[in-house]
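What follows draws every value from the coordinates through simple rules; no lab data is involved. Values in this document were obtained by computation on a predicted structure and should not be read as measured data. Note: ideal-geometry Cβ built from the backbone for every residue, glycine included; neighbour counts use all protein chains shown.
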């Protein structure tokens, strides 16, 4: 049995606005194992992104325990959490969040500027990441010179460049046409199958979910029973 990468226990998340309470997540119990391509699927407003943010340590639960890579991140101080996140997590979002005046190479290199890697080491890491997403020949192109699918693959390379233990992908194909979306999903599948990267994908699209090795559905803040 593969070791458990993510453990969520008795998770509840409530957002308070003035006197109004929004119960975003209720009674969540979930394990994600090393090497899984796990998909959390549900409609808009079901709590998918909220759960992803808890796993990333971007937000904290109202109640319950979040353990990722053996660390109870729901109890970590902010500075320790930020350092832990930079070491272990790679993020891919619906918006590509590329810097328009930087080349693909420079965008991918950005996370490494916070490390002690030399310039030569940074170049090696960036070239490897771009090669893994099939964009070695586009390193010197600006985002405006790339297609939407290529921009998202640059964003995946940026997530990969630190060699993360866990990749978190929040609706990564939401802004893409069907062909580009398929290219991006094939990249994620290859990273999972060939390099054993653990992936947590959040989506409302059943075509994206079909690439995962395991799918759970979230509805109105509650996980539906596994099928």
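A few points about this structure:
- All-pairs Cα distance distribution in the stretch 1-64, expressed in whole percent, bin size 5 Å: 4, 16, 25, 26, 16, 7, 3, 2, 1, 0
- Calculated [θ] (222 nm, deg cm²/dmol) that DSSP helices of n ≥ 4 give over the chain, each run adding -39,500 (n - 2.57): -10000 deg cm²/dmol
- Fraction of C-alpha pairs exceeding 18 angstrom in the stretch 28-87: 37 percent, rounded to a whole number.
- The chain: angle of helix 119-132 to the longest principal axis, Cα-based, in degrees nearest 10: 70
- Global form of the stretch 167-227, assessed from the alpha-carbon gyration tensor, a/c cut-off 1.5: oblate
- The long axis of helix 78-88 is offset from the longest Cα principal axis of the chain by roughly 50 degrees.
- Distance between the 7 Å Cα→Cβ label points at residue 31 and residue 131: 3.7 nm.
- With Rh defined as the Kirkwood radius, the inverse of the mean 1/r over Cα pairs, the Rg/Rh of the chain is 0.97.
- Difference of contour (0.36 nm per residue) and Cα-Cα distance, residue 115 to residue 210: 30.6 nm
- Within a Gaussian network of the chain (alpha carbon springs, distance under 10 Å), most fluctuating of 153, 87, 60: 87
- Using distinct alpha-carbon pairs, which all enter the 1/r mean, Kirkwood radius of the stretch 1-109 in Å: 15.7
- For the chain, the relative contact order works out to 30 percent when only alpha carbon pairs closer than 8 Å and six or more residues apart are counted.
- Taking a ≥ b ≥ c as the square roots of the eigenvalues of the Cα gyration tensor, the stretch 53-107 is classed as prolate, since a/c reaches at least 1.5 and a/b is larger than b/c.
- Cα long-axis angle, helix 178-195 against the chain (0 to 90 degrees, to the nearest 10): 90
- Principal axis dimensions, largest first and in whole angstrom, of the stretch 105-227 by Cα: 49, 30, 26
- DSSP-defined beta bridges in the stretch 1-150 - what % are antiparallel, rounded to 5: 100
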